[in-house]
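> Have a look at the structure that comes next, please.
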Amino acid sequence: MHNYMIKLYRFFLLVVLFICGVKAQQVGLVDYLSDPYEQEYVLELVKQHLYLVGWSMFFATVIGLAAGILLTRNSFRKFSSTVMYVISLGQTIPSLAVIALAMSALGIGTRPAIFALLLYSVLPIARNTMAGINAVAPGIIDAARGMGLTPLQILVSAELPNAASVILTGFRIALVINVGTAPLGFLVGAGGLGDLIFTGIDMMEPTKLLAGAIPTTLLALTGDYLCELLGLVLIPKGLRLQNT
């Protein structure tokens, strides 16, 4: 069943890429991107987009992993519901409102955009980290404890490897959300592909709109696929076989 879903997912990606290519040709996007000046401009916006996504995902991953791990420790379990509720507030507030609030506190530029994207990305990572570690079989923990491992060694050698698949799933979800939300950073002067998207909307130019929307879609799909490859490195082979 798992292999069937992977094949279906890859087929879906190919269909999306094909549709994007056909649509790009129909609206003249290929000719637009053939202009060397426009190519340089779009590449610069892609770099800005990746800058926003990269830094916000870095901070979200650090905070999400730290929160998820701490909330599985006996001393902090009683606070798990409260902390997760606070973390989830970032996704309950509309993205435009989060960016507006961040702008009021941090001003114009990349900082409010990165902060807003951080709030939107941290929940899946924290929630899946906590769920993955809590789902580790007690027998595994007891066996590691019986071998004389310290709590830190148990976390690194037993809990995190067994929870890696669930944690990575949360990271993939956060990354896709992040890439898709990052265009809103244009509204606070952070640049990115939102520049083309909102310019195309304002000027009613579908070519510019798609010049921003299609690369954003491709970045999200590429990031999702790279996460799948990352799983081959981070998840032990035996655990991957158990999930197939």
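The values are calculated or read from the model by the stated rules, or taken from the named source; none is laboratory data. In this text the structure is predicted, and so the values were computed from the model without any measurement. Cβ: placed from backbone, ideal geometry, glycine included. Neighbour counts: every protein chain shown.
> Just to check your reading of the model, which residue among Leu226, Leu232, Leu160, Leu209 is under 19 Å from the mean Cα position of the chain (by Cα) and either touching a residue at least 12 places away in the same chain (Cβ under 8 Å) or closer than 28 Å to Pro112 by Cβ (or both)?
Working: Leu232 fails: either touching a residue at least 12 places away in the same chain (Cβ under 8 Å) or closer than 28 Å to Pro112 by Cβ (or both); Leu160 fails: under 19 Å from the mean Cα position of the chain (by Cα); Leu209 fails: under 19 Å from the mean Cα position of the chain (by Cα).
Answer to the selection: Leu226.
> Moving on to the next point. With the structure loaded, tell me whether Leu152 is closer than 15 Å to Leu65 by Cβ, in contact (Cβ under 8 Å) with a residue 24 or more places away in the chain and not β-branched (Val, Ile, Thr) or whether it fails that test.
no
Residue by residue, here is whether (1) more than 17 Å from Cys227 (Cβ to Cβ); (2) in a loop (DSSP other than H, G, I, E, B); (3) not polar (S, T, N, Q) holds:
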position	(1), (2), (3)
Ile133	yes, no, yes
Gly139	yes, no, yes
Asp142	yes, no, yes
Leu149	yes, yes, yes
Val166	no, no, yes
Phe186	yes, no, yes
Gly192	yes, yes, yes
Gly200	yes, no, yes
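> Would you mention how many residues in the stretch 124-160 are surrounded by 16 or more Cβ atoms within 10 Å (Cβ to Cβ) and over 27 Å from Ser88 (Cβ atoms)?
5
> Now, a different point. Pick from the stretch 180-211 the residues that are within 16 Å of Val42 (Cα to Cα) and of a type in the set (Val, Ile, Thr): which of them is modelled with the lowest pLDDT?
The selected residue is Thr207.
> Out of the stretch 99-109, which residues are surrounded by 15 or more Cβ atoms within 10 Å (Cβ to Cβ) and more than 16 Å from Val179 (Cβ to Cβ)?
Passing the criteria: Ala100, Leu101, Ala102, Met103, Leu106.
> Out of the residues in the stretch 82-98 that are of a type in the set (S, T, N, Q) and modelled with pLDDT under 85, state the one that is surrounded by the most Cβ atoms within 10 Å (Cβ to Cβ).
Among them, the one singled out is Ser95.
Rundown of residues vs (1) of a type outside the set (Gly, Ala, Ser); (2) under 15 Å from the mean Cα position of the chain (by Cα), yes/no style:
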residue	(1), (2)
Pro94	yes, no
Ala100	no, no
Met103	yes, no
Gly109	no, no
Ile114	yes, yes
Val122	yes, yes
Ala126	no, yes
Asp142	yes, no
Gly146	no, no
